[in-house]
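Worksheet for the structure shown next.
Derivation of every value follows stated rules applied to the coordinates shown; laboratory data play no part. Since this is a predicted model, take the numbers as computed values, not measurements. With ideal geometry, Cβ positions are generated from the backbone for all residues, glycine too; neighbour counts draw on all protein chains shown.
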Amino acid sequence: RSLSPGWSRDCRTRVGERTVADPGELLITDCRLASMVPGGEPYGAVEDGAILIRDGRIVWAGARADLPAHQATATHRLDGRWVTPGLVDCHTHLVFGGDRSGEFEQRLGGATYEEIARAGGGIVSSVAATRAASEDALYASAVGRLAGLKATGVTTVEIKSGYGLDRDSELKMLRVARRIGREAGVRVRTSYLGLHAVPPEWKADRRGYVDLAVDEILPAAHAGGLVDAVDAYCEPIAFSTAEVGRLFDKARTLGLPVKLHADQLSDGGGAALAAKYGALSADHIEHTAEAGVKAIAEAGVVAVLLPGAYLMLRETTPPPIDLLRRHGVAMAVATDCNPGTSPLASMTAAINLACVQFRLTPEEALAGATRIAARALGLEDEIGTLEAGKAADLAVWDIGRPAELAYWLGKPLLARRMFGGVWDA
Ligand code: DI6
Ligand code: FE
């Protein structure tokens, strides 16, 4: 790609292991901004834009004509390219052992996801592979999938536990997620997903397993600084609202926010439960009825739409998008990257699928992958728009208009990614 001279200069300088702030500012110009700041132009668009960056943060973004006095020591011209906030994947299970391509073949042959799960496959087969894997192996395979997300502009990713399901293996998964946040060039938020499935050794005593998850594993993971939020899989094949309620009560005493896999395969009152606990998000919600939509609207819970799982399971009941719009529920879009129901490692593909399958507008879907996804992680003051004060996490695209991010399926569109003020190599 032909990029302007000066492109390679960062506004930070790497000194050995450390990255130190350059005394000056970086000016990014000759670009169009999809700032995703609401209330103005579609996409918060600015035709002839500029961004000033200092010490890893945006200090100013707007129309070049309004650029204030500055001390830029470097200027990067983007040859008219579009810049968006770095994309935010707010629901993934990026860390796991093995894969489930064999079950995929079984499902293509006619078996259903629930049948496979009830017969002892499904999540539990990923648990066996995850328990057997070393931390290094889990890290390497997760970073392989992360490459797909980063190549589609992702700078923040949420990563859940939930394939360990015993104390050591859950802590192992969460440590790998933290390591990704330190070493892999993305911001990571972790979620403890202990109530994902009942592990085989607790099959005869599910109450005992819930006790262990609530009273021992979550507190240990929290004490180790490994948990940013608490999640659960609320579904007849997984955990009941009463069981999830016990976990959420514990999260509350620990001061941790909650989120929920809700009403994916049936309306089991998951959205209402998320609302009751003031969750950050209610995720999936394909089968949520109007009462549940009203409840999350009133509680300010973000709806996280996961079109990859909908596609892979050949679901036919989409989330109630019109009701969500009518009640003013903010909608995020995420990959749900996981080995069973959503082996999807592309954020632009998730955007496309949200538009094609759920009929989001391209602007709604891009907001769902930036500003709204940031809110679903409690990071709305930190990331998700191109605005002064936010982290300098940017995606630069080879597109003529923002809707192309929703239109192409599989075409590489990213020209460059900046994370924390530093361009990728
Ligand atoms: N997210 C999940 O956690 C479950 N479904 C979903 O969309 C199960 C994932 C799995 O089968 O491994
Ligand atoms: Fe999930």
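Values as computed for the structure displayed
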read-out: Space enclosed by the convex hull of the alpha-carbon atoms of the chain, per residue, Å³; value: 136
read-out: Charge context of Tyr113, other residues only, Cβ under 11 angstrom, K/R +1, D/E -1; value: -1
read-out: For peptides 299-306, 332-339, 142-149, 315-322, sequence by mean Cβ density within 10 Å, most packed first; value: 332-339, 299-306, 142-149, 315-322
read-out: Inter-site label distance for Thr73 and Arg252 at 7 Å from Cα along Cβ, in nm; value: 5.2
read-out: Fraction in percent of alpha-carbon pairs per bin - 10 Å, the stretch 170-294; value: 13, 42, 34, 10, 0
read-out: Label point distance in nm, Glu114-Asp30, each placed 7 Å from Cα along Cα→Cβ; value: 5.8
read-out: Rough spin-label spacing in nm, given labels placed 7 Å along Cα→Cβ, for Ala388 and Ala223; value: 4.6
read-out: Zone of Asp322's modelled label, taken as backbone nitrogen in the stretch 269-303 under 14 Å from a point 7 Å along Cα→Cβ; value: 290
read-out: The chain: DSSP helices with Cα axial extent of at least 20 Å and average Kyte-Doolittle hydropathy no lower than -1.0; value: 135-150
read-out: Within the chain, helix-based [θ] at 222 nm, where runs of 4 or more DSSP H residues each add -39,500 (n - 2.57), nearest 500; value: -9500 deg cm²/dmol
read-out: Calculated FRET value between Glu216 and Arg64, using beta carbons and R₀ = 56 Å, to 0.05; value: 0.50
read-out: Viscosity 1.002 mPa s, 20 °C: Kirkwood-radius Stokes-Einstein D of the stretch 75-199 over Cα pairs, µm²/s; value: 135
read-out: Environment charge of Leu212, counting only residues whose C-beta is closer than 11 Å and scoring Lys/Arg +1, Asp/Glu -1; value: -4
read-out: Neighbourhood net charge (11 Å Cβ-Cβ; Lys/Arg +1, Asp/Glu -1) for Gly185; value: +1
read-out: Whole-percent pair-distance distribution, where bins are 10 Å wide, for the alpha carbons of the stretch 109-183; value: 18, 41, 30, 11, 0
read-out: Peptides ranked, highest mean first, by Cβ atoms within 10 Å: ranges 151-164, 36-49; value: 151-164, 36-49
read-out: Unsatisfied cross-links (Cα-Cα over 23 Å) in the set Lys150/Lys294; Lys160/Lys390; Lys172/Lys259; value: Lys150/Lys294; Lys160/Lys390
